[in-house]
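Here's a structure for you.
The values are calculated or read from the model by the stated rules, or taken from the named source; none is laboratory data. Since the structure is predicted, the reported quantities are computational estimates derived from the model, not experimental observations. Heads up, the Cβs are rebuilt from the backbone with ideal geometry, glycines too, and the neighbour counts pull from every protein chain shown. The protein model used for the area step is the full one, side chains on, heavy atoms only, and it has no ligands, DNA or RNA in it. Shrake-Rupley method; radii C 1.70, N 1.55, O 1.52, S 1.80 Å.
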Amino acid sequence: MNEADRRYSYKASCGHIAGRSHSKTNTPCQDYAATRIQGDFACIALADGAGSKKHSAYGARSVVKAVTRALAKRFDELWEVSDVSPAEVSSELIGCCRSALEHQAQKLDCELSELASTLMFVAHSKGRFLAGHVGDGCIIHEQDDGDVAVISHPDNGEYANTTFFMTDYKVENHFRLYRGSSGQGSGFVVMSDGTAESLYKRADKSPAVPAIRKLLSWCRTASAKDMRAALAQNLEHSFAANSADDCSIGLLTLAPAAPRVNV
């Protein structure tokens, strides 16, 4: 079967929780995660707002909404261009996010830098995926054969507790774009650095394979309501227990669906 004729049944879930450091000061969660499924397209995206910036939660929401909207509208075009000019695709997506951030800065009457956040996403359609990443956190792929691998590792600055943000002057130098194929039975995980404390082994830069497989298995089989509850429980009692930072996560799984029938 031609991949263009193959259909996938998508399931996705996400969640975020304020870290202990924020809970003590009654600071709201500065992470934001979202999912989007429409027809033959699905996307998960996540942003981690900079803890030192007053309005970073607004920035995180802005870039997640902007990138998921752009990918849903133009995935096929962006996929084709990414093969010959990935820098052009990166520039397009950065531009969409920058416009959203500038609009938000005007609404809040603040400097653009006050909206600083990381960004990571995975979008899938018809057996193809595009993934993008700025900053820390990581993106993990459970492949068609069941192997679990890191697509994108944390990108820290000179020191372990520093990173890069979508508001940086030359963010294009740190925007990593990936393209690939992924079929039935596979899945993706995006996570902030707080969640990565539980699901990513910094010592050898490897994923926590059993935990990743369990989360994706739940996502495939649980109802949307039960999956949200399971993520909320794990965010509160497992991930947040291992990190003082905000924790967020997004999951996307693929299953085969009936092929199209031309009438």
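Gaussian network model of the chain, Cα springs within a sub-10 Å range: biggest mean-square fluctuation belongs to which of V64, V190, V89?
V89
Using Cα-Cα distances under 8 Å and only pairs 6 or more residues apart, what relative contact order does the chain have, in percent?
With pairs under 8 Å counted, the relative contact order is 28 percent.
Could you give the semi-axes, largest first, of the ellipsoid that matches the chain, computed as the square roots of 5 times the alpha carbon gyration tensor eigenvalues and rounded to whole Å?
Value: 28, 22, 16 Å, ordered largest first.
May I pose another question? Mind jotting down a quarter of the surface of the convex hull over the alpha carbons of the stretch 161-226, in square nanometres, one decimal?
Directional mean of the projected Cα hull area for the stretch 161-226 stands at 7.0 nm².
Per-residue ellipticity at 222 nm for the chain, helices alone: DSSP H runs ≥ 4 residues times -39500 (n - 2.57), over residue total, nearest 500 deg cm²/dmol?
Computed ellipticity for the chain at 222 nm equals -11000 deg cm²/dmol.
Now, a different point. Could you check which residue among V189, V81, V122 shows the biggest mean-square fluctuation in a GNM of the chain with a 10 Å Cα cutoff?
Per the Cα network of the chain with a 10 Å cutoff, V81 tops the list.
If ligands, DNA and RNA are left out, what is the accessible area of E197 with a 1.4 Å probe, given in Å² to the nearest 10?
Approximately 90 Å² for this residue.
Provide the packing ranking of 47-56, 165-174, i.e. peptides ordered by the mean count of other C-beta atoms within 10 Å per residue, highest first.
The peptides rank, most packed first, as 47-56, 165-174.
Taking only the alpha-carbon positions of the stretch 137-196 and ignoring solvent, what does the Debye formula give for the base-10 log of I(q)/I(0) at q = 0.14, 0.19, 0.29 Å⁻¹?
-0.49, -0.80, -1.26
Calculate the dipole size of the stretch 1-160 relative to its Cα centre from +1 charges on Lys and Arg beta carbons and -1 charges on Asp and Glu beta carbons; express the result in debye to the nearest 20. Intermediate values should be presented prior to the final figure.
Numbers: 17 positive and 22 negative charges, 174 e Å.
That gives the stretch 1-160 a dipole magnitude of about 840 debye.
Across 5 Å bins from 0, what is the distribution of all Cα-Cα pair distances for the stretch 116-263, in whole percents?
All Cα pairs, binned at 5 Å, distribute as 2, 9, 18, 21, 20, 15, 9, 4, 2, 1, 0, 0 percent.
Here is a follow-up. Cα centroids of the stretch 54-97 and the stretch 108-149: how far apart, whole angstrom?
For the stretch 54-97 versus the stretch 108-149, the Cα centre distance is 10 Å.
Where only protein heavy atoms count, and the probe is 1.4 Å, what is the accessible area per residue for the chain in Å²?
Roughly 47 Å² per residue, with all protein chains present.
If you don't mind, there's one more thing I want to ask. Stretched out fully, how many nm does the piece from S91 to N156 gain, at 0.36 nm a residue minus the Cα gap?
Contour length minus Cα-Cα distance gives 21.3 nm.
Something else: Remind me, relative contact order of the stretch 102-150 in percent, using alpha carbon pairs under 8 angstrom and six or more residues apart?
The value is 22 percent.
Tell me the Rg and the Dmax, in Å, that the Cα atoms of the stretch 94-181 produce.
15.1, 50
Over the stretch 192-249, with a single point scatterer placed on each C-alpha, what log10 of the ratio I(q)/I(0) does the Debye formula yield at q = 0.14, 0.16 1/Å?
Those come out to -0.38, -0.49, one per q.
Counting each pair of different Cα atoms once, what's the Kirkwood radius of the stretch 16-90 in Å, rounded to one decimal?
So the Kirkwood estimate lands at 14.1 Å.
Taking just the C-alpha trace of the stretch 58-133, give me its Rg and Dmax in Å.
Computed over the Cα atoms of the stretch 58-133, radius of gyration and Dmax are 13.2, 43 Å.
Turning to a different aspect of this structure: Among all helices in the chain defined by DSSP H, which have a length of 24 Å or more along the axis from Cα atoms plus a Kyte-Doolittle mean of at least -1.0? Numbers along the way, then the final one.
On the way: long enough: 56-84 (34 Å, -0.02); 86-108 (33 Å, -0.13).
Helices meeting the criterion: 56-84, 86-108.
For the chain, with all protein chains present and a 1.4 Å probe, just round the carbon and sulfur fraction of the accessible area to a whole percent.
The nonpolar share, carbon plus sulfur, comes to 47 percent.
Also, quick follow-up: Measure of size requested: the Rg and Dmax of the stretch 101-149, with Cα atoms as the atom set and Å as the unit; please supply both.
Using the Cα atoms of the stretch 101-149, the pair Rg, Dmax is 16.3, 50 Å.
Would you please give the FRET efficiency between K107 and D147, computed as 1/(1 + (r/R0)^6) with r the Cβ-Cβ distance and R0 = 45 Å, to the nearest 0.05?
For K107 and D147, the calculated efficiency is 0.50.
What is the Cα coordinate range of the stretch 76-119 on the first, second and third principal axes, sorted by size from largest, in whole angstrom?
39, 16, 12
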